[in-house]
1. Relative to the present Cα-Cα distance, how much length would full extension add between residue 214 and residue 67 at 0.36 nm per residue of separation?
2. So what does log10 I(q)/I(0) come out to for the stretch 1-96 at q = 0.16, 0.19, 0.22 Å⁻¹, using the Debye formula with one equal point on every Cα and no solvent?
3. Quick one: go through the stretch 225-268 and flag any residue whose amide nitrogen is under 18 Å from the point 7 Å out along the Cα-to-Cβ line of residue 78.
4. Please identify the cysteines of the chain that lack any partner cysteine with a Cβ under 4.7 Å from their own Cβ.
5. Using label points projected 7 Å from each Cα along Cα→Cβ, tell me how many nm separate residue 156 and residue 30, to one decimal.
6. Going by C-beta contacts inside 10 Å, put 149, 171, 297 in order with the fewest on the left.
7. Which one, 183, 215, 315, is farthest towards the positive end of the dipole of the chain when Lys and Arg carry +1 and Asp and Glu -1 on their Cβ?
8. In nm, give the distance between the simple-model label positions of residue 290 and residue 175, each being 7 Å from the Cα along the Cα-to-Cβ direction.
Amino acid sequence: MIIVMQPDAGEAEVAAVEARIRAQGLGVHISRGTERTLIGAIGDERKLDPEMFDTLPGVERSMHIVKPYKLVAREWHKANTIIHVRDVPIGGPAIQMIAGPCSVETEAQMTAAADAVAAGGARMMRGGAFKPRTSPYAFQGKGVDGLKLLGDAAARHGLPVVTELMDVRMLDTFLAQKVDVIQIGTRNMQNFDLLKEVGRVDVPVVLKRGMSATISEWLMAAEYIAAGGNHRIVLCERGIRTFETAYRNVLDVTAIAVLKRETHLPVIADPSHAGGKAWMVSALACAAVAAGADGLLVEVHPNPPEAWCDADQALTPSEFGALMDKLGAVASAIGRTMDTARRGYSRGEASPMATATPA
Ligand code: PEP
Ligand code: MN
């Protein structure tokens with residue numbers, strides 16, 4: 001951190017700044033110029049905050065010179081981090097697909113969804129059992145029963161599950177249910193107590209971007225989890241709020257490129273919550289992969305018009321099969337592959353789901 005003194009600051013004021021830096025255990029370097037004095041703090045400046053100095057007499061302004069995050073920064077860890085969810089690597093050369101319905105509804109819906117997700121070639125399944133709804137009167141999720149339905153449906157195809165944790169008090173239940181990946185949703189990205197708790201467990205976390213969070217705030221949220229000891233973090237760009245009202249959110253494709261430079265952690269994108277419409281998902285998914293995403297989180301429902309939540313943005317099983325074909329081509333154009341456990345047919349052939357009847 002550098003503290004810039006006012007031109008008329010005296011020695012006593014410089015000494016007061018120096019004392020405050022030393023009190024935090026850092027060293028001091030003073031540079032006296034012809035017009036003003038600059039005071040540099042030497043050591044881990046993350047303990048310092050401009051607020052500690054800006055109110056002192058004689059201080060003009062103070063500023064950080066290094067980034068506020070460390071554990072998640074590529075500056076400190078050059079190689080890409082690969083996170084293994086059972087045997088599925090996220091962050092390596094192959095791109096992963098996580099797919100499934102917005103919310104867990106019924107056993108039949110989950111069975112059909114799991115079949116579609118596996119047939120399309122995804123290696124992980126999503127489904128919300130605890131739903132953060134804008135209205136308290138809307139369906140809030142099936143709760144613990146939903147976790148079981150998700151686990152059972154995914155287990156039929158050996159797919160690890162990804163599901164949202166909203167409340168610290170449910171963490172032990174998530175662990176008992178052997179949830180493979182804990183999702184922290186956009187509304188909880190800065191729920192620091194929740195971040196601290198998931199930082200203490202050894203379960204991978206998908207950290208969604210707060211809908212109005214800057215990249216720096218998002219990386220600081222990831223730093224909270226890492227600081228607790230859990231380094232298995234995947235960042236998920238899910239669209240941000242802007243002045244545009246023609247669609248749900250703006251998929252910030254730029255953020256994907258920036259994050260790949262700023263952090264060693266894997267970065268995935270959620271084109272479903274970004275656009276909010278099924279017809280946009282393919283275009284946004286392709287853009288995210290082209291921009292460097294290591295994976296995608298996509299909503300798929302066996303019968304979208306009947307979905308209890310986010311019906312407008314859910315892909316049908318056949319749309320999902322077609323998307324996987326298209327993503328394979330985009331991935332190969334940038335020298336990557338879609339990691340697909342697809343069985344029964346290869347790219348170019350008709351997807352078996354194209355003819356499947358919705359449940
Ligand atoms: C979800 O993935 O089900 C969800 C609620 O997403 P977000 O937190 O991005 O709105
Ligand atoms: Mn949803």
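1. Taking 0.36 nm per residue and subtracting the Cα distance, the gain is 51.5 nm.
2. Each listed q maps to, in turn, -0.67, -0.85, -1.05.
3. Output list for this probe position: 260-265.
4. Unpaired cysteines in the chain: 236, 286.
5. 7.5
6. Placing the least packed residue first, the sequence is 171, 149, 297.
7. Final value for the positive-end residue is 315.
8. Each label point is offset 7 Å from its Cα along the Cβ direction, giving 4.4 nm.
Every read-out reported here was derived from the displayed coordinates using simple, explicitly stated rules and does not represent laboratory data. Keep in mind the model is a prediction, meaning the values are calculated, not measured. Note: ideal-geometry Cβ built from the backbone for every residue, glycine included; neighbour counts use all protein chains shown.
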